[in-house]
Amino acid sequence: MRLYEFEGNDLLHREGIPVPDYALAATPGEAREGAEKLGLPVVVKAQVLTGGRWLAGGVQTAQSLEEVEEAARRILGSSIRGWLVQKVMITPKVDSVREFYMAVTIDEYSGTPVAILSAAGGVSVNQIARERPEEVVSRYISVIKGLLPSEARRMCRGVGLEGAEVSRVANMLSALYRVFRNYDALIAEINPLVRTSEGDYMALDAKVEIDDSSLYRHPELNLSLDSRIPNTLERKGREIGVTYVELDGDIAIIASGAGLGMASMDIISRRMRPANFLETGGAITAELMYKVMDLVLQKEGIRAVFINVYGGINPIHEGAEGVVKYMKEHQVTVPVVAKALGNHQEETWEIFQNNGVHVVTDVSTEKGVEQLARLLESDK
Amino acid sequence: MSILLNRETRVLVQGITGRIGRVQTKWMLDYGTNIVAGVTPGKGGEEVEGVPVYDTVAEAVAKQGAEASVFFIPPKAFKEAALQNIDAGISLIVVVTEHIPVHDVMEIRDYASERQVQIIGPTTPGVITVGEAKMGIMPANMFTPGRIGVISRSGTLSYEISINLSTAGLGQSTVVGMGADSVVFTSVPELLRLFEKDPGTDLVVIVGEVGGVQEENAAQFIERWMTKPVVTYIAGHNAPEGKRMGHAGAIIQGEHGTGTPQSKMAALREVGVDVAMYPAEVVELVKGHLAPS
């Protein structure tokens, strides 16, 4: 789960990394109040779960209270990469004399934690890594050993730091590693970390994403899903424990397993257009299938439902009961085509056939999709 | 022959007294798996399907000689169970459990690799050596014995590919669900190495997905080490960028240029792998290798 900047700031602060004071505002008036308390000049920053805020005008400096209101008015309610801005963060403007980039994340090649440090902060680290690789140092970390202080210092010297700066920045890096480990983060990134004109170090932006599977052990974070999934249907999917991704077509897909769901999408896209991706997870029950039928049919203009499931943890006929119960109660008129294999598959086919579902008995999804296409053509 | 598991392997079921553990134990026994013990803390002395249950893994190893373990336990119980299994000398662990915190996976992986324990998963349907034994939840009727090795990130897609191969008369040696999470214990190259050495396997099918870099890693290994032919299908060429498609691993990172289906397919084609665009094409490509005209 991606955190808002202010939430990330709070975590950095808990582990001893200085961050600016801030106020949150949902209206221009609140923004003005916040700026009054903090003192001018301030920076008004859109709180959205995406990068690219600068380019989209979501970060603005204000010298006066009028400018604060004006900036908040422009930013609040605007859309940044598809995210509606509902809150802005007001922070005192910090004068920096030097900027750094630092992150701890999981390296996708090795699946191990990696710490990254650059003495050129503020811009995209990917860009620096491409153009000036000598200014970026990264180091794999053993979760058993952790990030040793000596390693952190070596990284600092590796990007050309000297003197007192070495241990100051190394301490920040160690603290960031603690954020990564203590809160089960997938990424903890500060961009930029600055040295202020007074010689203090401060994190001016935080990007933290927490592993969804570990949220149960972080009640202290008090995170809610509400505003984090902007798409209503995708949020509903999450609430019933499935992954739903809305697409722009009209053929609803229900699949057990992400791979099978994506394969179904690949095949359907050859001649029709998927309305969604939906994967049920392994444990299919009657109740779950009832709910996912309801979910995929909430999208406007669905022409057909394509079900592609295998029994694994549970026998698959239980899921079939849920589908036909939904169809009966809601008088579903669009064709429903189902390919269901695994334990109790014959029983499953019987339940489907007796209730108006078009059963695919062939073992390949391609054949099932052909059957669906023929059905839609003959309906015309 | 096969990899990882055969009919002699002495299997322990961790979490045998749970609802899923019980059902799956029956199905694994029906398939012929040599299940010698179950473990559930506090349930020692019971029996499930005639299998003795112990409180600890150490007891199950001492009394029944258990050597491999399959997990049907909640994610919260994973770390302790894994440590217990590793310390008791279990050499193969199959983790069916979904939603295990990735930091727990990284910790256990480091601990296990120091002790040379092979762990498959998490979020895997398991491992099946066809006609001999299975550790996991895959439905038995998808598979027929033969000489094709299958490695898959997705569980149900491995069923789809296997049943299509089976229907075409192309049997499988061992089918391994390597697990769908972004961090897994055993990578594609490690499994390829096992299949390359296995005299019972003539060809390997890799069933991939968008996201992550497992298939790119596999390409490097194949180029250097594989003599057996490899066929692959990567699901999700129509997946939108930046969207997580169900598996933690399945997210296209557009900006990095890796993890896209195009980058994976290109990397694999370059090292001579046959890449299917759709699942059913896998069967045709496999036939092409096994029956040269």
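One residue is enough: does segment A:346-367 have a residue meeting the conditions under 30 Å from A:T232 (Cα atoms), within 14 Å of chain B (Cβ to nearest Cβ) and either open to solvent by 10 Å² or more (accessible area, probe 1.4 Å) or in a loop (DSSP other than H, G, I, E, B) (or both)? So far as segment A:346-367 goes, no, none of its residues is under 30 Å from A:T232 (Cα atoms), within 14 Å of chain B (Cβ to nearest Cβ) and either open to solvent by 10 Å² or more (accessible area, probe 1.4 Å) or in a loop (DSSP other than H, G, I, E, B) (or both). The set of residues in segment A:250-286 being without any contact (Cβ under 8 Å) to a residue 40 or more places away in the chain, part of a loop (DSSP other than H, G, I, E, B) and closer than 18 Å to B:E160 by Cα consists of A:T280, A:G282, A:A283, A:I284. Say whether the condition of being in contact with a strand residue (DSSP E or B) (Cβ under 9 Å, 6 or more places away or on another chain) and either over 30 Å from B:G21 (Cβ atoms) or modelled with pLDDT of 95 or more (or both) is met by at least one residue in segment A:279-288. Looking through segment A:279-288, none of the residues is in contact with a strand residue (DSSP E or B) (Cβ under 9 Å, 6 or more places away or on another chain) and either over 30 Å from B:G21 (Cβ atoms) or modelled with pLDDT of 95 or more (or both).
Of all the residues in segment A:303-333, those that are outside any helix (DSSP H, G or I), open to solvent by 20 Å² or more (accessible area, probe 1.4 Å) and at pLDDT 95 or above number 1. Taking the numbered list (1) facing another protein chain (nearest Cβ under 7 Å); (2) over 17 Å from the mean Cα position of the chain (by Cα); (3) free of Cβ contacts under 8 Å to residues at least 40 places away in the same chain in turn, B:G169 passes all entries but (1). Please go through (1) open to solvent by less than 10 Å² (accessible area, probe 1.4 Å); (2) over 36 Å from the mean Cα position of the chain (by Cα) for A:G342 and return the number of the only condition it doesn't satisfy. Among (1) open to solvent by less than 10 Å² (accessible area, probe 1.4 Å); (2) over 36 Å from the mean Cα position of the chain (by Cα), the lone unmet condition for A:G342 is (2). In segment B:44-73, the residue that is surrounded by the fewest Cβ atoms within 10 Å (Cβ to Cβ) out of those that are in a loop (DSSP other than H, G, I, E, B) and touching a residue at least 24 places away in the same chain (Cβ under 8 Å) is B:G65. From the list B:E107, B:E114, the one residue that fits, being out of contact with any strand residue (DSSP E or B) (no Cβ under 8 Å at 6 or more places or on another chain), without any contact (Cβ under 8 Å) to a residue 60 or more places away in the chain, at the interface with chain A (Cβ under 7 Å from one of its Cβ atoms) and over 27 Å from A:E346 (Cβ atoms), is B:E107.
On the stretch given as segment B:272-288, residues that are of a type in the set (A, V, I, L, M) and in a helix (DSSP H, G or I) total 4. A single member of B:Y159, B:Y233 is in the same structural domain as B:P279 (by TED's automatic domain parsing), of a type in the set (F, W, Y), in contact (Cβ under 8 Å) with a residue 24 or more places away in the chain and within 16 Å of B:L285 (Cβ to Cβ), and it is B:Y233. Filtering segment A:282-291 down to residues that are under 20 Å from B:I137 (Cβ atoms) and surrounded by 19 or more Cβ atoms within 10 Å (Cβ to Cβ), which residue is nearest to the chain's Cα centre (by Cα)? Ranking the qualifying residues of segment A:282-291, first place goes to A:G282. Looking only at segment B:83-102, residues that are within 16 Å of B:V61 (Cβ to Cβ), open to solvent by less than 10 Å² (accessible area, probe 1.4 Å) and of a type outside the set (A, V, I, L, M, F, W, C) come to 1 in all. Checking each residue in segment B:199-219 for being out of contact with any strand residue (DSSP E or B) (no Cβ under 8 Å at 6 or more places or on another chain), open to solvent by less than 10 Å² (accessible area, probe 1.4 Å) and outside any loop (DSSP other than H, G, I, E, B) picks out only B:A219.
A search for C-beta distances below 8 Å between a residue of segment A:40-55 that is surrounded by fewer than 18 Cβ atoms within 10 Å (Cβ to Cβ) and any residue that is modelled with pLDDT of 85 or more and in a strand (DSSP E or B), counting only pairs 6+ apart in sequence or on different chains, returns A:L40/A:A62; A:P41/A:T61; A:P41/A:A62; A:P41/A:P92; A:T50/A:I80; A:T50/A:W83; A:G51/A:K207; A:G52/A:I80.
Given the conditions (1) surrounded by fewer than 22 Cβ atoms within 10 Å (Cβ to Cβ); (2) farther than 25 Å from A:A188 by Cα, which single one is not true for A:L221? Checking A:L221 against (1) surrounded by fewer than 22 Cβ atoms within 10 Å (Cβ to Cβ); (2) farther than 25 Å from A:A188 by Cα, the one that fails is (2).
Among the residues of segment B:99-128, just one is more than 16 Å from the chain's Cα centre (by Cα) and of a type in the set (K, R), namely B:R115. Note on segment A:254-275: residues that are in contact with a strand residue (DSSP E or B) (Cβ under 8 Å, 6 or more places away or on another chain) and within 11 Å of chain B (Cβ to nearest Cβ) total 15.
Selection within segment B:220-241: residues that are aromatic (F, W, Y) and outside any strand (DSSP E or B). The member of this set that is surrounded by the most Cβ atoms within 10 Å (Cβ to Cβ) is B:F221. B:I161 satisfies every condition listed in (1) over 30 Å from A:D248 (Cα atoms); (2) within 11 Å of chain A (Cβ to nearest Cβ); (3) modelled with pLDDT of 95 or more except (1). Evaluation of B:G121 against the conditions (1) more than 10 Å from every other protein chain (Cβ to nearest Cβ); (2) of a type outside the set (K, R); (3) surrounded by 24 or more Cβ atoms within 10 Å (Cβ to Cβ); (4) farther than 25 Å from A:I316 by Cβ shows that the sole unmet condition is (4).
The values are calculated or read from the model by the stated rules, or taken from the named source; none is laboratory data. A quick note: this is a predicted structure, and the numbers were derived from the prediction, not measured. We place every Cβ from the backbone using ideal geometry, glycine too, and count neighbours over all the protein chains shown. Accessible surface areas use protein heavy atoms only, side chains included; no ligands, DNA or RNA. Shrake-Rupley method; radii C 1.70, N 1.55, O 1.52, S 1.80 Å.
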